[in-house]
């Protein structure tokens, strides 16, 4: 590594070297040199620490400002560069493994994989209703008021059935995390709203006769057969489309 000459300043423990300016963000070129200030100090009973305080232009650093930084770090009121890097690294590791709802849902999908029935629906519900509001929170950070706010926001634009499905997914995600020791359980119970059962209308003989006539007259027999499968089996309209013949 190249050694640069040290230039003293009027402040004890503060010096600078002359180096190239940081590249221009637009042109990516460096056209001039600038002073790069360093400080040296010892914390109580500690070893000598020498580290960069900042750059003349990009950090607006001066000998006086560098001296102030040195005084703060010497008294332990400000972390050294090494300490700040260590804390930043610890923070990244902590956030990476933090059991947020998004983290738990990702693990849940990885674990269940293709065996999970309705995986596409669950992903859609999570993206539309949970990721934005609760995705960055851990179960420990979620209280009953947070869930009530979520329930209310979904109720404003969707049916009670949709609200129930989203809350059930949230409960399922957290239960998965607790079961696999990825997170702590909630300290309250997520109550699912009651949904009134849909009434099924049974066709009268006259109505069924009219339906049969419509089948006979409809030109696309593929569609007719599809409707007959739905009528005779009670399948949902989307289910026959996923059948493999």
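For the reader, a short list of remarks on this structure follows.
- When 87, 47 are sorted by how many other C-beta atoms sit within 10 angstrom of their C-beta, beginning with the fewest, the order is 47, 87.
- Segment residue 206-residue 44, length gained on full extension (0.36 nm per residue, minus Cα span): 48.7 nm
- One chain, two ends: residue 98 and residue 184. Fully extended at 0.36 nm per residue, the span grows by 29.8 nm beyond their Cα-Cα distance.
- Extension gain, residue 17 back to residue 120 (0.36 nm per residue minus Cα-Cα distance, nm): 31.2 nm
- When 68, 3, 18 are sorted by how many other C-beta atoms sit within 10 angstrom of their C-beta, beginning with the fewest, the order is 3, 18, 68.
- Between helix 81-96 and the chain: long-axis angle, C-alpha atoms, 0 to 90°, nearest 10: 10 degrees
- Fluctuation leader among 105, 145, 126 - the chain, Gaussian network, Cα springs under 10 angstrom: 145
- Cα-based convex hull volume of region 101-179 per residue, rounded to whole Å³: 84 Å³
- Virtual spin-label span in nm between residue 225 and residue 136, 7 Å along Cα→Cβ: 5.4 nm
- Contact order relative to length of the chain, as percent, for alpha carbon pairs under 8 angstrom and 6 or more apart: 11 percent
- Two-site FRET efficiency, residue 158 against residue 84, from Cβ-Cβ distance with R₀ of 41 Å, rounded to 0.05: 0.35
- Radius of gyration and maximum dimension Dmax of region 7-94, Cα, Å: 14.9, 47
- Computed helical MRE - 222 nm, the chain, DSSP H runs ≥ 4 contributing -39500 (n - 2.57), nearest 500: -14000 deg cm²/dmol
- Ascending count of other beta-carbon atoms within 10 Å, so fewest first, for 162, 238: 238, 162
- Rounded to 10°, Cα long-axis angle of helix 205-217 versus longest principal axis of the chain: 70 degrees
Computed from the coordinates by the stated procedures, all read-outs in this text should not be read as laboratory data. Only a predicted model underlies this, so the values are computations on that prediction, with no experimental measurement involved. Virtual Cβ from ideal backbone geometry, glycine too; neighbours counted across all protein chains shown.
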